[in-house]
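First the structure, in the form of structure tokens, and then the observations on it.
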């Protein structure tokens, strides 16, 4: 496994704390722990995204979605083993999980649905009006008529 030292980056930047923390957490993530539950991230258009997570066997009350500034946390509580059923093989995982997604600025969770064992979380980018690009009108200064007459 490779190890990266980001301390020079911390020493020479100001105001990029979130970016450096994001890079550091990405480099320190254990690959084995990120496999459950499987998920997809889709970009539907420039401002809409969807995270779809396979949570077979979980009910809506077993799942918790928490939106923090720049962070989305999806947790699943362990499914309680019941006496119902005499399994010969149990391949559907029902273990607890916590999945964290770093969100860009101005991304908010719009809704979440659970259907056919798939949890879909819709995200939308809402850039404040003051931060949107705007067109600046170009004006020209009109020279007084007296100056034009003198030049002629």
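The table that follows gives values for the structure above.
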read-out: Answer residue from the range 114-129, given it is within 23 Å of residue 68 (Cβ to Cβ) and outside any loop (DSSP other than H, G, I, E, B) and is farthest from the chain's Cα centre (by Cα) among those; value: 114
read-out: Members of the range 43-55 found to be closer than 18 Å to residue 125 by Cα and surrounded by 11 or more Cβ atoms within 10 Å (Cβ to Cβ), listed by number; value: 44, 47, 48, 49, 50, 51, 52
read-out: Verdict on residue 47 being touching a strand residue (DSSP E or B) at 6+ places or on another chain (Cβ under 6 Å), modelled with pLDDT under 95 and over 26 Å from residue 76 (Cβ atoms); value: yes
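The values are calculated or read from the model by the stated rules, or taken from the named source; none is laboratory data. These figures come from a predicted structure and were not determined experimentally. FYI the Cβ positions are ideal-geometry reconstructions off the backbone, even for glycines, and counts take in every protein chain you see.
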